[in-house]
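The values are calculated or read from the model by the stated rules, or taken from the named source; none is laboratory data. All figures in this text were calculated on a predicted structure; none of them were measured in a lab. As a convention, Cβ positions derive from the backbone with ideal geometry for all residues, glycine included, and neighbour counts pool all protein chains shown. These area figures cover heavy atoms from the full protein model, side chains too; ligands, DNA and RNA do not enter into them. Shrake-Rupley method; radii C 1.70, N 1.55, O 1.52, S 1.80 Å.
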Amino acid sequence: MDIKVSATAPAKQTNATLVVPLHKKISGVCADINKRCDNAISRAVKRGDAKAEHASALMLFELKKVASDRVMLVGAAEPNKSSRAQFRTYCETIATTLKDSGSSLAIIHLEKSVLVKNVDTAWHVQTLAQTLVQSQYTFDLHSAKKSPAPTLKKCIIVVPKSETRASAKAAAQGVAIANGQALARDLGNLAPNICTPVYLANKAKALAKTNSKMTTKILTEAQMKKLGMGAFLSVSQGSRQEARLICMEYRGTDSKKKPTVLLGKGVTFDTGGISIKPSAAMDEMKFDMCGAASVFGAMKAISELSPKCNVIGVVAAAENMPDGNASRPGDVVTTMSGQTVEILNTDAEGRLVLCDSLSYVERYKPAAVIDVATLTGACVVALGKVSSAIMSNDSELADTLYEAGQTTGDLAWELPLWDEYQSQLDSNFADMGNIGGSPAGAITAGCFLSRFANNYKWAHLDIAGVAWLGGAAKGATGRPVPLLMEYVLSNA
Ligand code: BES
Ligand code: MN
Ligand code: ZN
């Protein structure tokens, strides 16, 4: 979909929909149309057809004296009283109503009355653009019957003249983030027999070809062995699929500027290993690479936008299978950091691939490292499918990520990494165990990772609840690409 920003609505329009807000007291463009059309809108309100209820929509067709075939009235909260969340649902209503219409062009008036107080126009344009593109997502990579091309081809967002420059940039950002989110969803939704560590490595190479500032470094198992990544390799040793450590290096500014590292858990299928999971809904463990998918999504958005910053996207890709060569509960492995780990449960594998990756990324001398992982069922218990968990060794970084969640609606909430939790990882036979028992399971997983992140600012995002939906809507969400991009772009 093509999204443009303009200070004026085009006069000549074919198969278009004019989108205007409808407040209780008819105002703005809506009032103009009403006047031109002999109070047709007032009468629709009076009859009860058009409701000024927030995020409701009514389509009017072939109004005389309106060039567009359709006028979409979108119910809007009281003028100037909208919250960020309300503006998001306002955008969702526009997107879904347009999608269900036969319209190929939409002209969307972003009137001042629907804007959130003290929030710039650019944020609104970005949110709207992102929602419009995101609403067209379909997954058909495994279907013989492909989804039809979307009818809606172009949207023009009408903003005040003084805002056109900032808005054009914001629209491009919204589109790029939605495209990144779509890639994350595709990778998450792909079947685990297709989406293997080697498949992800090839995806990274292909992505790097789209931007001259991006290169890849891909480590094989043999190379990881040389580096002493005993924890990482213990996860893939029971699988026929070889593990890969995938590094996508984007250098968009001075090489002296320290990079941000985004590190994703890429367990392409998690059976639990010898500590095998129950079979009900085990198919959903193909989504155990959604942290990696979100890193790919962010790198795709970065490749489209070429921002002035340095970002390293790292993916720890492995498959966790039970097998004659699989690791056993009780095995002790030596990590790249030198610390030893007693594997008490082979299903706590995410932290094993991540801990060695955290040691590896020290070589980038990062400004900050953010790891993203579907790490614990306990996180889903704590925060449900609404919010990611943030854990960090730097309170400023944690706050910044929290704010990024508020700005984007890709919510995240901090959990404490207090020292009092660390002793749950004690082992009688090694420097630590890989599990901390059932109390505070999300936190003890974070505590485990913190022991490998001593040499830089670090935050861990547990996305186990938000990365995918189950039931009829089963599928990857592409979260937390919006949150990550908010963080990355604010550093550019
Ligand atoms: N990938 C799972 C976490 C998970 C489970 C995410 C269900 C979303 C839904 C992870 O590898 C895992 O199995 N974690 C264990 C850890 C436990 C053994 C300490 C868990 O959460 O049960
Ligand atoms: Mn597991
Ligand atoms: Zn897992």
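Miscellaneous remarks
- Qualifying residue in region 158-165 (condition: within 21 Å of THR477 (Cα to Cα) and either at pLDDT below 95 or out of contact with any Gly (no Cβ under 8 Å at 6 or more places or on another chain) (or both)): no
- Filter result (in a loop (DSSP other than H, G, I, E, B), open to solvent by 40 Å² or more (accessible area, probe 1.4 Å) and not charged (D, E, K, R)) within region 408-439: LEU411, TRP418, ASN428, PHE429, ILE435, GLY437, SER438, PRO439
- Taking region 338-355 as the range and being more than 16 Å from ligand 1 (Cβ to nearest atom) and farther than 15 Å from CYS447 by Cβ as the test, the residues that pass are GLY338, THR340.
- Within region 111-130, residues that are over 12 Å from THR408 (Cα atoms) have Cβ atoms under 7 Å from residues that are of a type in the set (Asp, Glu) in these pairs: THR121/GLU163, counting only partners at least 6 apart in sequence or on another chain.
- Boolean, SER83 is exposed (fewer than 15 other Cβ atoms within 10 Å of the Cβ) and among the small types (Gly, Ala, Ser): yes
- Every residue from region 320-332 that is more than 23 Å from PHE287 (Cα to Cα) and either in contact with a Leu (Cβ under 7 Å, 6 or more places away or on another chain) or within 16 Å of ligand 1 (Cβ to nearest atom) (or both): ARG328, PRO329, GLY330, ASP331
- Contact annotation: residue pairs with Cβ atoms under 9 Å, 6 or more positions apart or on different chains, pairing a residue in region 248-277 that is assigned by TED's automatic domain parsing to the domain that holds ASP323 and away from ligand 1 (no atom under 16 Å from the Cβ) with a partner that is of a type in the set (A, V, I, L, M, F, W, C) and open to solvent by 50 Å² or more (accessible area, probe 1.4 Å), are GLY252/ALA492; THR253/ALA492.
- Within region 8-49, considering residues that are part of a helix (DSSP H, G or I) and closer than 18 Å to PRO160 by Cα, the one most open to solvent (accessible area, probe 1.4 Å): ASP32
- Scope region 248-283; condition part of a strand (DSSP E or B) and within 16 Å of ligand 2 (Cβ to nearest atom); matching residues: GLY264, LYS265, GLY266, VAL267, THR268, PHE269, ASP270
- ASP186 vs. criteria of a type in the set (Asp, Glu), crowded, with 18+ Cβ neighbours inside 10 Å and not in a strand (DSSP E or B): yes
- Of the listed requirements (1) away from ligand 3 (no atom under 16 Å from the Cβ); (2) open to solvent by 10 Å² or more (accessible area, probe 1.4 Å), TRP468 misses just one: (1).
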